[in-house]
1. Test of understanding: what is the full-extension gain from Lys61 to Ala73, defined as 0.36 nm times their sequence separation minus their Cα-Cα distance?
2. Just from its helices, what would the mean residue ellipticity at 222 nm be for the chain, if runs of 4 or more DSSP H residues each count -39500 (n - 2.57) and the sum is divided by every residue, rounded to the nearest 500 deg cm²/dmol?
3. How far apart, in nm, are two points set 7 Å out from the Cα along the Cα-to-Cβ line at Phe133 and at Leu94?
4. For the chain, what is the percent of antiparallel DSSP beta bridges, rounded to the nearest 5?
5. Report, in degrees rounded to the nearest 10, the 0 to 90 angle that the Cα long axis of helix 38-47 makes with the longest principal axis of the chain.
6. Just to verify a number: FRET efficiency for Thr2 and Asn50, C-beta to C-beta distance, R0 = 22 Å, to 0.05?
Amino acid sequence: MTSYETLETTVNDGVGHLILNRPERYNAMNGQMMNHDLPQGWAELSADPNVRCIVFSGRGKNFCTGNDIKETAELGGENIARDAEWPAVALTALQNNVRKPVITAIQGMCAGGGLYFAAHSDINISSSGATYFDPH
């Protein structure tokens, strides 16, 4: 599997695992994750003939709290790719044309942009302490 700065990918017994790996930032999505790692991670697992389904989760106590607003503020909004279709990022399995079943395992906070992952999954499984909210 490819090594990524912001996520992990593994395959075990036909199950691909895509794991957000920024627990110190509650798995908030930074520019590296949005513009490179997520599209590449989805493509890698989607193309692997040994993967029959994908489990998507987050490392640590929280699933995903959306955009890393601290990074966005520090960079003046330049961590997000933009074009006529703003935002021009493909984050979810659906947006990346993944045709394999996706199970999203949600623990802790699922907020903001993290809600897209839940909405674009085939199956969601939540821990008893999972919370969902939209801060917009």
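Coordinate-derived values only; no laboratory data. Please read all numbers here as calculations on a predicted model, not as lab measurements. Glycine also receives a Cβ, built like all others from the backbone with ideal geometry; neighbour counts cover every protein chain displayed.
1. Details: separation 12, 0.36 × 12 = 4.32 nm, distance 2.44 nm.
Extra length from Lys61 to Ala73 when fully extended: 1.9 nm.
2. For the chain, the value works out to -4000 deg cm²/dmol.
3. That separation, rounded to one decimal, is 2.4 nm.
4. 25 percent
5. On a 0 to 90 degree scale, this one is about 10.
6. Rounded to the nearest 0.05, the efficiency is 0.90.
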